[in-house]
Amino acid sequence: MAGKSERQRRIAREKHRRQQELRMARRRRQRKLGVIVLSVILGAALIVSLLVVYVVGGSQHPSASASKSASATPSATTVAEPAHHCTYTKTGTAARAVSLPSVTPDYAASYRATITTNLGKIAVNLENSKATCTVNSFVHLAEAGYFNNTQCHRLVTSGIYVLQCGDPYATASTKLTCSSTGKIGTGTPGYEFASENLTDAKYPAGTVAMANEGSATTNGSQFFIVYQDSTSGLGASYTPFGTVSSGLGIVQNVAKDGYSCQYTVSGQSEGGAPKEKVIIDSVTIKKT
């Protein structure tokens, strides 16, 4: 009897051991499956976020939906203005070959830009004392002919009211189709720099500000002109660096005609290509 009892206990222990091993194996499979599922979810989220940044209006664009919740204070390191030194970081491939701007701006100068378009001239007073490194870059690009024969590729007429320009991929002869697969809207000068002049930034009609890729260090060449007050739609995330002194009516008339095709992200309109072409023939700078 003792031998039989011992065998029964041994069989019971073996059965218990096998059951524990099976439970542990199931737990390992469940953990592995959980990691796979989490990886898929995170991967999908990353893809969606990249699409939101890069598809509509390209990699650099102000967004009404994204900007309403933006911080009212700068997210980049704040420097005393006017800045005496600028940092420009090489990144990616330039849409049009251009050198880096000087890192020592003429912070005491005053600048006036004239944007000559097929529809007329737009004069802009550049705010060098408030956004020195931004103005330094814009002046550099203008004098290098970077903006010549380019189109303003994006018009927004709801939520925010802006005309976006400054991408050489949108040439004067390009037919804008609002395609999510093309390069238009993604153009940069091959370098980027930090935002400025964001504290309590406002965007009334006539403001000229930098577009970016969603963070305060991703300014490049693309900029936008505000043709109707957009302060309530735009958070303080886009460097204001100039004010239109004449020619704003040109942009306002373009806005009245609307756009010919629409950029869309997650079912939300992000503006479109202007129905009336706006071609920048040149940008000239007057320094005083």
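The values are calculated or read from the model by the stated rules, or taken from the named source; none is laboratory data. None of these values were measured; they are calculated from a predicted model. We place every Cβ from the backbone using ideal geometry, glycine too, and count neighbours over all the protein chains shown. These accessible areas exclude ligands, DNA and RNA; they are computed on the full protein's heavy atoms, side chains included. Shrake-Rupley method; radii C 1.70, N 1.55, O 1.52, S 1.80 Å.
Summed over the range 204-229, residues that are within 16 Å of ASN125 (Cβ to Cβ) and in a loop (DSSP other than H, G, I, E, B) total 3. Does the range 267-275 include one or more residues that are exposed (fewer than 15 other Cβ atoms within 10 Å of the Cβ) and under 21 Å from the mean Cα position of the chain (by Cα)? Checked against the condition, which is being exposed (fewer than 15 other Cβ atoms within 10 Å of the Cβ) and under 21 Å from the mean Cα position of the chain (by Cα), the range 267-275 yields at least one hit. How many residues are farther than 13 Å from VAL139 by Cα and open to solvent by less than 60 Å² (accessible area, probe 1.4 Å) if we restrict to the range 83-110? So the count comes out to 6. Pairs linking a residue in the range 267-288 that is over 17 Å from VAL254 (Cα atoms) and assigned to a strand (DSSP E or B) to a residue that is open to solvent by 60 Å² or more (accessible area, probe 1.4 Å) and at pLDDT 95 or above, with Cβ atoms under 7 Å and 6 or more positions apart or on different chains, are ILE285/GLU143; LYS286/ARG112. Checked against (1) open to solvent by 60 Å² or more (accessible area, probe 1.4 Å); (2) under 27 Å from ASP106 (Cβ atoms), MET210 passes all but a single condition, namely (1). Residues in the range 111-149 that are in contact with a strand residue (DSSP E or B) (Cβ under 7 Å, 6 or more places away or on another chain) and open to solvent by 20 Å² or more (accessible area, probe 1.4 Å): TYR111, ARG112, THR114, THR116, ASN118, LYS121, ASN125, GLU127, GLU143, ASN148, ASN149.
Residues in the range 244-263 that are open to solvent by 70 Å² or more (accessible area, probe 1.4 Å) and either at pLDDT below 95 or assigned to a loop (DSSP other than H, G, I, E, B) (or both): SER260, GLN262.
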